[in-house]
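What follows is one structure encoded as structure tokens, with my remarks underneath.
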Amino acid sequence: MTPMQEQYNRIKSETPGTVVLFRMGDFYETFDEDAELVSRVLGITLTSRGKNENRQPLAGIPYHALPTYMPRLVEAGLKIAIADQMETPVPGKLVEREITKIITPGTILDENSLDASKNNYIASIYVLNNIFGLAFCDLTTGEFKSFSTNSESVLKNELKKINPSEIICADCHFENLNKLNPRRLEKLLDSKFNLKKSVQTLENQFKVNSLKGFGFNVTQDSTIKDSRPEEIAIVTAAGALISYLIECQRGDIKHIRGIQSYAYNDYMKLDFETIRNLELLFTNSGTDSPTLYSVINKCVNPMGKRKLRSWILNPLINPDIISERHESVEFFYNQPQLLSRLRDTLYKIADVERIVGRIGVGSANPKDLVGLKNSLVNIIELSKSLSAQELSTRLKYLMNELKNERINEVIKIIDESIDNEPATLINNGGIIKIGFNAEVDELRNLRSNSKQILAEIQKREIERTDITNLKISFNNVFGYYIEVTTSHLSKVPDDYIRKQTLANAERYITQELKELEVKILSAEEKLIKLEQELYIQIRAKLADYSQTLLAVGNAIAELDVFLDFAFIAREFNYAKPEILEVIASEASQSHKPHSNGITTSSSTPRNDFHLTDGRHPVVERLVEKFIPNTTEFGEKSVIHILTGPNMSGKSTYIRQVALIALMAQIGSFVPAKEYKFNIIDRIFTRVGASDNLSKGESTFMVEMTETANILNNATEKSLIILDEVGRGTSTYDGVAIAWSIVEFIQDKIKAKTLFATHYHELISLEEKYSDIKNYNIKVV
């Protein structure tokens, strides 16, 4: 076995479960099983060396083509270890190689591999006393969040919502968690999920002495007796995740400086069936369009697109915050010229969050920094446009983020140090600005003006020695030398050192010429190395501004969504919703608090819902003319039973009510003439008949399971959408089931309900209950 094979085997053994890309000159080579796998995934030629039993399969890709091939390798679910050359190759000596990065589906940072409009989350789960601690992070933006639950179904739903591209867990929990059918679950050693280590890792990462500032009363010595198991589970999962990210990056992740916890009750609850049935982000056939997101997404910045996705999946239930969003949208809605101008400015702003992510892990290139600088200059201009305006509370907060003095410091650092049009790669030179570093300027001057410098020395020496035919030349043996003809030898100064005698001339060197030669010949190499060193120092300095820049990015994202909502409201004739709840801070003592911390006036029925001329936001874009419909819920009209022929629009009508309710609670205006509402805590949908035969579940089984979920979890403040429930069994049984469901909702839950059905027997329920109303869709 050769020394290089031994080196490869050592590196391979250090990173089990990875495909090792082994740098050899201009190629990344793979060997043995890795080579067979890579050639199959990439469709490249599999070669080999050696014969018979010593035959070793090989497959290689050019090092400069790595960004092209990497997305395909990661998409195939492979974990890639990059083994780079750590020194310049010298003939006869084994080049030192080390793993410089491990790239996985959840840690890839390359722009070509990621959808700019979607987050790329990696998650970590730890189970303690039947409590699931979930931590998840987008390494590209620094977003880091945590959540806990004692319910498998809630955990499963949350994972479907955040859709992580990779999940890590302890080996001991792998089997049980794998039953949840998560995407790309990877088991690590149990020892990686250790509370003491996790607390230490998080404190070091966040640069704090305690995690109390992030809401965790957990120390390295905590036990279940003195800390809540939820907190221990989250902290253990979060610490293991940060350790994993550091291990994969083989270095710091400076932009992650905190973790944000949220609870299940902080937002309107949307289960995955509702997300799918309402086609919020993807259609029932799995395409990206037409969906609610595709028709209301007119954001001009990638950060805004990601923010809008998050808002759609997490509608608000706090009336104060919803009102602040509506006011912010209204502000831009009423100023079309300002709206247009700000959207134009947002086009010029790069994806600040992802640039900061690359700065944090030390992979940002010089063009990223120039893009960041130009974006910050545009952000300052944008904030000036808004500074003279009367802003809503939320917009004032966003403006304060955009006026942070540290923004100017970042602009100054980049502007003084980085060339306005730098090279993309840091090993090509051409990065550092003229005037920033004297040594760089001198080396550049040497490299660019060496002929001129030598001509000046030659001219000076001719004048000093009075040797008119003195000339400076170069060869590979002596380097630079001065040549003097025999007739002028008497004029040669004492400081000339003889190097060679020719038939009619002598060749000399001087100390100055020798030093200059060393400088000129090594200038290129020194320059590239020095520029690299300076660039890495500048990038590290900018990493200290990560929190400021991420706050700026978040503010721009939110602003982009407000501008988007105002733009579509003007473009498609949307109306500002009105919340009927009395805001908690203004509530008098006669107001009664109830679940979710929302306060209502005793004179305002909490189930009121008035929608005038509502339209389906997606369907109205697909048809020539959409007929609007009005929907009223109140004390005398809680459950609507909807009948009508096939293809009459029952499903469109009930879905549009749910979509309008959701749009209002993410802060958007709505496709209607008027919409007045009380806060909805949850939207439930049971739509159509489908089965899950792969899990041994019939149409009827799926229908009953989903319906049971609704009946067990809905509250008086929920909105329930039922479409053809009971179709999965015989007509007689179907009617009985549908009848029982309606009676249960009427008696036990009293949630606003739209029930579309073909069972005309149900219309007699109106005679039995005063709060059930029949509606019929007519086709003219």
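The values are calculated or read from the model by the stated rules, or taken from the named source; none is laboratory data. What you are looking at is a predicted structure, and each value in this text was computed from that prediction instead of being measured. Note: ideal-geometry Cβ built from the backbone for every residue, glycine included; neighbour counts use all protein chains shown. Ligands, DNA and RNA are stripped out before the accessible areas are found, and what is left, the full protein with its side chains, is counted by its heavy atoms. Shrake-Rupley method; radii C 1.70, N 1.55, O 1.52, S 1.80 Å.
Summary table below
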| quantity | calculated |
| --- | --- |
| Space enclosed by the convex hull of the alpha-carbon atoms of region 398-502, per residue, Å³ | 157 |
| Label-point separation, S490 to L46 (7 Å along Cα→Cβ), nm | 8.3 |
| Protein accessible area in region 293-398, 1.4 Å probe - carbon and sulfur % | 45 |
| Carbon plus sulfur fraction of accessible area for region 459-548, probe 1.4 Å, in percent | 50 |
| In region 362-437, the GluC sites (Glu not before Pro) that fall in loop regions by DSSP, at most 10 other Cβ within 10 Å | E390, E405 |
| Qualifying chymotrypsin sites (Phe, Trp or Tyr not before Pro) for region 214-282 [loop in DSSP, other Cβ within 10 Å: at most 14] | Y262 |
| Kyte-Doolittle at least 0.5, axis length at least 24 Å by Cα - qualifying DSSP helices, the chain | 229-249, 546-572, 650-666 |
| Of the chymotrypsin sites (Phe, Trp or Tyr not before Pro) in region 308-361, those whose Cβ has at most 13 other Cβ within 10 Å and which sit in DSSP loop | none |
| Cα centroid of region 333-387 to Cα centroid of region 537-580, whole Å | 10 |
| Cα pair distances of the chain binned at 10 Å [whole percent] | 2, 11, 17, 20, 18, 12, 8, 5, 3, 2, 1, 1, 0 |
| Additional length obtainable on full extension of the chain from E203 to K225, 0.36 nm per residue less Cα span | 5.7 nm |
| Gyration tensor (alpha-carbon) shape descriptor, region 271-401, a/c threshold 1.5 | oblate |
| Percent antiparallel among DSSP beta bridges (both partners in the chain, rounded to 5) | 60 |
| Pair I497, K433: separation of 7 Å Cα→Cβ label points (nm) | 4.2 |
| Cα gyration tensor category, rounded, prolate or oblate, for region 262-304 with a/c compared to 1.5 | oblate |
| Antiparallel %, DSSP beta bridges [both residues in region 103-186], to 5 | 70 |
| Region 1-41 - percent of accessible surface contributed by carbon and sulfur, probe 1.4 Å | 53 |
| Length added when fully stretched, D171-M86, from 0.36 nm per residue minus Cα-Cα | 27.2 nm |
| Whole-angstrom gap from region 251-308 to region 61-126, using each part's C-alpha centre | 27 |
| Taking the chain and dividing mean pair separation by its residue count, relative contact order in percent (alpha carbons under 8 Å, at least six apart) | 10 |
| Inter-site label distance for T424 and V779 at 7 Å from Cα along Cβ, in nm | 5.5 |
| Accessible area, probe 1.4 Å, largest first, for residues H640, H173, H760 | H760, H173, H640 |
| Around G435: net Lys/Arg minus Asp/Glu count, Cβ-Cβ under 13 Å | -4 |
| The chain, accessible area per residue, ligands and nucleic acids excluded (1.4 Å, Å²) | 46 |
